[in-house]
């Protein structure tokens with residue numbers, strides 16, 4: 001479950017680009033949320049974005065993504081959930097997930113999806129405890 005230095009750098013760059021596009025450059029609803037500790041320090045974050053998918057339910061993150069007007073649909077996708085290493089095991093992961101799920105309900109979505117790195121076993125364990133089930137492997 002450990003990444004080497006070059007993998008970490010590549011992952012950070014890819015996630016930063018994804019976050020800019022997903023939460024600040026989308027034509028769909030999106031939210032980037034944070035949780036602060038009692039001292040006002042940001043200790044957790046996560047995003048949720050309404051994301052297009054094709055008629056088969058496969059999410060499309062590219063420019064030519066299907067839309068509700070061309071045979072596709074949309075659903076909220078939770079992604080980029082992170083908790084500061086110094087703040088782990090204190091309930092902040094559950095707190096940010098609850099806030100993200102609240103946002104999905106505010107958008108009146110009957111479902112939400114979650115993206116998580118395949119090698120992030122600890123996060124996957126949390127999500128299973130919260131009721132999420134593994135359905136598809138998505139390669140970006």
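The values are calculated or read from the model by the stated rules, or taken from the named source; none is laboratory data. Computed from a predicted model, the values in this text were never measured in an experiment. Using ideal geometry, Cβ is built from the backbone for each residue, glycine included, and neighbour counts are taken over all protein chains shown.
Please indicate, with yes or no, whether at least one residue in the range 99-111 is surrounded by 10 or more Cβ atoms within 10 Å (Cβ to Cβ), under 18 Å from residue 14 (Cβ atoms) and at pLDDT below 90.
Keep residues of the range 99-111 that are surrounded by 10 or more Cβ atoms within 10 Å (Cβ to Cβ), which gives 99-107, 109.
Subsequent filtering for residues that are under 18 Å from residue 14 (Cβ atoms) retains none.
Among the residues of the range 99-111, not one is surrounded by 10 or more Cβ atoms within 10 Å (Cβ to Cβ), under 18 Å from residue 14 (Cβ atoms) and at pLDDT below 90, which makes the answer no.
Among all residue pairs at least 6 apart or on different chains, which show Cβ distances below 6 Å where the first residue, located in the range 9-38, is on the phi > 0 side of the Ramachandran plot and touching a residue at least 24 places away in the same chain (Cβ under 8 Å) and the second is assigned to a loop (DSSP other than H, G, I, E, B) and surrounded by 15 or more Cβ atoms within 10 Å (Cβ to Cβ)?
Taking only residues 6 or more apart or on different chains, not a single pair turns up.
Looking at the range 95-118, which of its residues are farther than 15 Å from residue 34 by Cβ and outside any loop (DSSP other than H, G, I, E, B)?
Residues of the range 95-118 that are farther than 15 Å from residue 34 by Cβ, as a first pass: 101, 104-118.
The answer is 101, 104, 105, 106, 113, 114.
Being within 15 Å of the chain's Cα centre (by Cα), at pLDDT 95 or above and either assigned to a helix (DSSP H, G or I) or within 21 Å of residue 36 (Cα to Cα) (or both) is the requirement here; does residue 123 meet it?
On the way: within 15 Å of the chain's Cα centre (by Cα): yes; at pLDDT 95 or above: no; either assigned to a helix (DSSP H, G or I) or within 21 Å of residue 36 (Cα to Cα) (or both): yes.
No: the conditions fail for residue 123.
For the range 32-84, enumerate the residues that are within 19 Å of residue 19 (Cβ to Cβ), part of a loop (DSSP other than H, G, I, E, B) and either under 14 Å from the mean Cα position of the chain (by Cα) or modelled with pLDDT of 70 or more (or both).
The answer is 61, 84.
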